[in-house]
Amino acid sequence: MHDQLKIFLAAVLIVGGAAVDQARAADAADGLKTLPDFKLELVFAPGKDANVSFISMAKDNKGRLLLGGQRGQPILRVTLENGKVVKQETLKLPISEAMGMLYAYDSLYIDGFDDKHFGLFRCRDTAGDDRFDSVEMLRQWTDGSGEHGAHSIVVGPDGKLYTICGNFTQLPPDRLSTSPVQNYQDDRCLPRAEDGNGFGAGKRPPGGFITRMDPDGKNPELFAAGERNTYDFAFDADGELLGFDSDMEWDWGTPWYRPIRIFHAPSGADQGFREGSAKWPEYYFDSLPAVADIGIGCPTGVKFGYGAKFPARYQKALYLLDWTYGRIIAAHLTPHGATYDATWENFVEPKGLHSDGPKQPNNATAVVIGDDGALYFVTGGRNTSAQLFRVTYTGSESTAPADAHDAAGAEARAMQHQLAAFHGHQDPKALAFAWPQLASDDRFIRYAARLAVESQPVEQWQARALAETNPDAALTALLALARLGPKEVQPALLTALSRLSISSLTEEQQLDKLRVIEVSLSRQGMPAAGQTAALVTELDPFYPAKSEAMNAELCQVLLALHASDAVDKTMRLIPVATTQEEQVGYLLYLRTITVGWTPQTRRQYFTWFLKGHLSSHHSAQVLQWFEDAGRAYSNGSSYDNYIAGIHADAVKTLTADQRTSLADVISAFTPAEPKKKSSKPRTFVKDWQMADLEPQLPRVGHGRNFARGKSVFEEAQCIACHRFGNEGGAIGPDLTAVGSRFGRQQILESILLPSKVIAEQYLDTIIRLKSKEVIVGKVLQESDDSLVIRPNPLKPDDLRTIKKSDIDVRKVSKISPMPEGLVNAFSHDEILDLIAYLESAGKTTNPDFKD
């Protein structure tokens, strides 16, 4: 018997009864709110002793809900009647960590883990006894486990399976050459900066991706890519795929942070995610823009409201789950050409989301529409409480089934699909059909037409691209040529591009022209001297421009072309830039440039690091993202390390003489370090255990001492590793909004038992060399032949570079970098004050501090 199966069978005894205590249900529902005329209730909770945390959910052919748990946890099946759980079963399957589940084709598909591999499994009931007696792994997902691995599975309108994978999952090695997504690169004309904390460092495009395959898991195609770490997605009634993508919250405060977003992914879509600072702004027309930006959060489950007994507007809504801030968002889509616009509202949220009081965690992970017309969602993840909630409509509006189709945009969507039929394969009809659509005023149609053209041999359309005169068609065709053409075509490409005078173009077209130049520089290299000079002569008079986007792109192109006054112009822009994000962008672009400097501008550049990085100016839009999530703005935990990295890269470009002349200003910069409180050594109080403190957790809610809680946070050196507001380290999770994600019991558990649950971005790696030396630490950079590791998180400059050829064993550590016993020198009241301080998000007005 598999060890995993033994765990599952044991879980039958642990989970216990199906009913939920009425008082507990009322308390849980009371901490959340939904819209007027809707009712929310807790219908099932295994209990804190069950060791179950739900991370996925599906509905089977009998309307039963399948609830998937974390690694080593079972998949439960619950039967509902009148919104109540009347039967609960544990599926005896040797699979756990069910990141995605789908019931289709008389099978239960699971992206999960058996005792050896993470893969796509197909489970079938061949005996007809309502048990899954056949379990087949259809394909293995290499690096597919964990939070950035293989996630949800959906049946598409073509009857095929679609699976979405996070940015750490390796592409299927057997993907077909007919895949709509091909030919992906960073396509930046200046070097990217890797994540300041090393997360994703060295990883190359395409980022997260969507695979389309047959129901038996064969013939996989790369359908769409360029997401970061989408957990779930859905097809609308018209067959369009929409998802909810994340971004790296560590990047707050930088211009490359992209808000979490609703995206539309037609065939071949590239959403533009790249690692580190290389992420594409959405105006890059080799990507597709968001349907709507939400701001900050952690996207999980996604579902259209089809089948819900709700008013028509909410039947057609796309429901989006935000794990971090406990929101279920209802997005209302409006056709806009071949794609959509959207407005959104919070459908479910913690009652204290926009107050200073404690917020009930609502770590929502998955959502379905039940056969009874109710919306069901589950909570869990990272060992948080497993619960199943139900939302019903109680108002007087009609709940008759609405027409979910959109007549508006149907013609544009049909054209997009006709163009998609040419993606990934050669067809003699493709160019004649697609070329006229390169001039479409619909960006999504132009994008689909370009992919149809790119799927044909370059020699068949190169001359036509060079001769095209319509600005939109020419720019789109020349982008295709920059992506696929050889170095030898670059002179003709740039000549053709020069005929589209930048002064004659709209700003959108100007950005497109600059993008073609960037892609050409990235893929085809520097032009000949004459064409380089011609480009500088044309572009230089337009820099600086009126818009931030134009300045960002002109800056990069002119710096890459070594324009003589590009450095000087950029340095003049920095002090007048209105936001921190814009300033950081210019510093990033300048950091590797070696020509065009004067002693004065060099000194001005390095002086910025002494005071400029303390800027707190952000756009109203950025601040609104944080307001919507019920928290104050703070820089991300990688921000300080990015700034230090930019400074270090710039120093590397200096000559010995320059370093000498700038020694005073260079040495004056000290990378931001966590504040440490000096205090007298404390004496041991007690080896605190959960049983000692858990019964006292209700006392956190009143009469606590803010100053003492903050002092414990500093004296216990929590601040050395964790960011809280704009202070603290970046080794562990940002704790500013920890009270929105975890209850008091989970906060206490994370303090006393730090290794019980570790988010994968904070895991250390254990490396045993062939010399038998063992090194444990955080991998910060990785290339094909080596990696850089930081053994001691409190010594950020103590790095080891290791050749991969010298490695004998490499594996992930299960031990948290955070040691146990950090609070053993504090009293129980001080620990309760610490929990209140964490719960308060740093606000002295929190009710925890009132008598």
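The values are calculated or read from the model by the stated rules, or taken from the named source; none is laboratory data. Quantities reported herein were computed from a predicted structural model and do not represent experimental measurements. Cβ placement follows ideal geometry from the backbone for every residue including glycine, while neighbour counts extend to all protein chains displayed. Please note that ligands, DNA and RNA were not included when accessible areas were found on the heavy atoms of the full protein model with its side chains. Shrake-Rupley method; radii C 1.70, N 1.55, O 1.52, S 1.80 Å.
Within the range 235-245, the residues that satisfy the criterion of being open to solvent by 10 Å² or more (accessible area, probe 1.4 Å) and either of a type in the set (Lys, Arg) or on the phi < 0 side of the Ramachandran plot (or both) are Phe235, Asp236, Ala237, Asp238. Can you say whether Lys513 is charged (D, E, K, R), open to solvent by 10 Å² or more (accessible area, probe 1.4 Å) and free of Cβ contacts under 8 Å to residues at least 40 places away in the same chain, as far as the supplied structure shows? No, not satisfied.
Results for (1) more than 30 Å from Ser619 (Cα to Cα); (2) without any contact (Cβ under 8 Å) to a residue 40 or more places away in the chain; (3) under 35 Å from the mean Cα position of the chain (by Cα); (4) not in a loop (DSSP other than H, G, I, E, B), shown as yes or no for each residue.
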{"residue": "Ala496", "(1), (2), (3), (4)": "yes, yes, no, yes"}
{"residue": "Ser503", "(1), (2), (3), (4)": "no, yes, no, yes"}
{"residue": "Ser520", "(1), (2), (3), (4)": "yes, yes, yes, yes"}
{"residue": "Pro527", "(1), (2), (3), (4)": "yes, yes, no, no"}
{"residue": "Gln531", "(1), (2), (3), (4)": "yes, no, no, yes"}
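Restricting the search to the range 85-116, which residues are in a loop (DSSP other than H, G, I, E, B) and open to solvent by less than 20 Å² (accessible area, probe 1.4 Å)?
Leu93, Ile95 - these are the residues of the range 85-116 that are in a loop (DSSP other than H, G, I, E, B) and open to solvent by less than 20 Å² (accessible area, probe 1.4 Å).
The single condition from (1) without any contact (Cβ under 8 Å) to a residue 40 or more places away in the chain; (2) within 14 Å of His828 (Cβ to Cβ) that Trp688 fails is (1). Please verify whether the range 371-380 includes one or more residues that are surrounded by fewer than 24 Cβ atoms within 10 Å (Cβ to Cβ), in a loop (DSSP other than H, G, I, E, B) and touching an Asp or Glu at 6+ places or on another chain (Cβ under 8 Å). No, there is no match, as no residue in the range 371-380 is surrounded by fewer than 24 Cβ atoms within 10 Å (Cβ to Cβ), in a loop (DSSP other than H, G, I, E, B) and touching an Asp or Glu at 6+ places or on another chain (Cβ under 8 Å). Filtering the range 702-725 to residues that are under 19 Å from Glu749 (Cα atoms) and surrounded by fewer than 18 Cβ atoms within 10 Å (Cβ to Cβ) leaves only Gln717.
Residues checked against (1) crowded, with 21+ Cβ neighbours inside 10 Å; (2) in contact with a Ser or Thr (Cβ under 7 Å, 6 or more places away or on another chain); (3) aliphatic (A, V, I, L, M):
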site: Leu138; (1), (2), (3): no, no, yes
site: Ser145; (1), (2), (3): yes, no, no
site: Gly149; (1), (2), (3): yes, yes, no
site: Ile153; (1), (2), (3): yes, yes, yes
site: Arg175; (1), (2), (3): no, no, no
site: Leu190; (1), (2), (3): yes, yes, yes
site: Asp195; (1), (2), (3): yes, yes, no
site: Pro206; (1), (2), (3): yes, no, no
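Only a single criterion out of (1) touching a residue at least 12 places away in the same chain (Cβ under 8 Å); (2) part of a helix (DSSP H, G or I); (3) closer than 30 Å to Glu249 by Cα is not satisfied by Arg699, namely (3).
For Ala668, the criteria (1) out of contact with any Leu (no Cβ under 7 Å at 6 or more places or on another chain); (2) hydrophobic (A, V, I, L, M, F, W, C); (3) open to solvent by 30 Å² or more (accessible area, probe 1.4 Å) hold in every case but one, which is (1).
Yes or no, residue by residue, for (1) free of Cβ contacts under 8 Å to residues at least 60 places away in the same chain; (2) among the polar types (S, T, N, Q); (3) open to solvent by 30 Å² or more (accessible area, probe 1.4 Å):
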position: Gln583; (1), (2), (3): yes, yes, no
position: Pro599; (1), (2), (3): no, no, yes
position: Gln604; (1), (2), (3): yes, yes, yes
position: Trp608; (1), (2), (3): yes, no, no
position: Lys611; (1), (2), (3): yes, no, yes
position: Ser619; (1), (2), (3): yes, yes, yes
position: Gln624; (1), (2), (3): no, yes, yes
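What's the total number of residues in the range 224-244 that are within 18 Å of Gly144 (Cβ to Cβ) and among the charged types (D, E, K, R)?
Selection size over the range 224-244: 3.
Applying the condition of being touching a Lys or Arg at 6+ places or on another chain (Cβ under 8 Å) and charged (D, E, K, R) to the range 41-82 and asking which residue is farthest from Asp111 (Cα to Cα) yields Glu41. Pairs linking a residue in the range 796-819 that is closer than 10 Å to Ile767 by Cα to a residue that is outside any strand (DSSP E or B) and of a type outside the set (D, E, K, R), with Cβ atoms under 7 Å and 6 or more positions apart or on different chains, are Val812/Leu763; Ser813/Leu763.
Pairs meeting the criteria (first residue in the range 433-446 and closer than 18 Å to Leu478 by Cβ, second residue among the charged types (D, E, K, R) and in a loop (DSSP other than H, G, I, E, B), beta carbons under 9 Å, at least 6 apart or on different chains) are Trp435/Glu468; Leu438/Glu468; Ala439/Glu468. Any residue in the range 309-319 that is free of Cβ contacts under 8 Å to residues at least 40 places away in the same chain and buried (at least 20 other Cβ atoms within 10 Å of the Cβ)? Yes, some residue in the range 309-319 is free of Cβ contacts under 8 Å to residues at least 40 places away in the same chain and buried (at least 20 other Cβ atoms within 10 Å of the Cβ). Scanning the range 441-460 for residues that are buried (at least 18 other Cβ atoms within 10 Å of the Cβ) and not in a helix (DSSP H, G or I) returns Asp442, Ser455, Gln456.
Quick check on this structure: which one of Pro281, Pro259 is under 20 Å from Pro205 (Cβ atoms), within 16 Å of the chain's Cα centre (by Cα) and surrounded by fewer than 22 Cβ atoms within 10 Å (Cβ to Cβ)? Going through Pro281, Pro259 in turn, the sole match is Pro281. The set of residues in the range 467-487 that are open to solvent by 60 Å² or more (accessible area, probe 1.4 Å) and part of a helix (DSSP H, G or I) comprises Ala467, Lys487. For Ala412, the conditions (1) touching a helix residue (DSSP H, G or I) at 6+ places or on another chain (Cβ under 6 Å); (2) open to solvent by less than 30 Å² (accessible area, probe 1.4 Å) all hold with the exception of (1). Residues of the range 797-825 that are among the acidic types (Asp, Glu) and surrounded by 14 or more Cβ atoms within 10 Å (Cβ to Cβ): Glu820 alone.
Given the criteria out of contact with any Pro (no Cβ under 9 Å at 6 or more places or on another chain) and modelled with pLDDT under 95, does Leu353 qualify? Yes, satisfied. Residue by residue through the range 796-827, note down the ones that are hydroxyl-bearing (Ser, Thr, Tyr), over 25 Å from Phe713 (Cβ atoms) and over 25 Å from the mean Cα position of the chain (by Cα). If the condition is that a residue be hydroxyl-bearing (Ser, Thr, Tyr), over 25 Å from Phe713 (Cβ atoms) and over 25 Å from the mean Cα position of the chain (by Cα), then Thr801, Ser805 are the ones that fit. Annotation note: of Leu794, Leu748, the sole residue that is closer than 23 Å to Thr736 by Cα and open to solvent by 60 Å² or more (accessible area, probe 1.4 Å) is Leu794. Against the criterion of being within 25 Å of the chain's Cα centre (by Cα) and of a type in the set (Gly, Ala, Ser), Ala308 does not qualify. The sole residue among Leu438, Leu419, Leu431 that is open to solvent by less than 50 Å² (accessible area, probe 1.4 Å), in a helix (DSSP H, G or I) and over 29 Å from Leu333 (Cα atoms) is Leu431.
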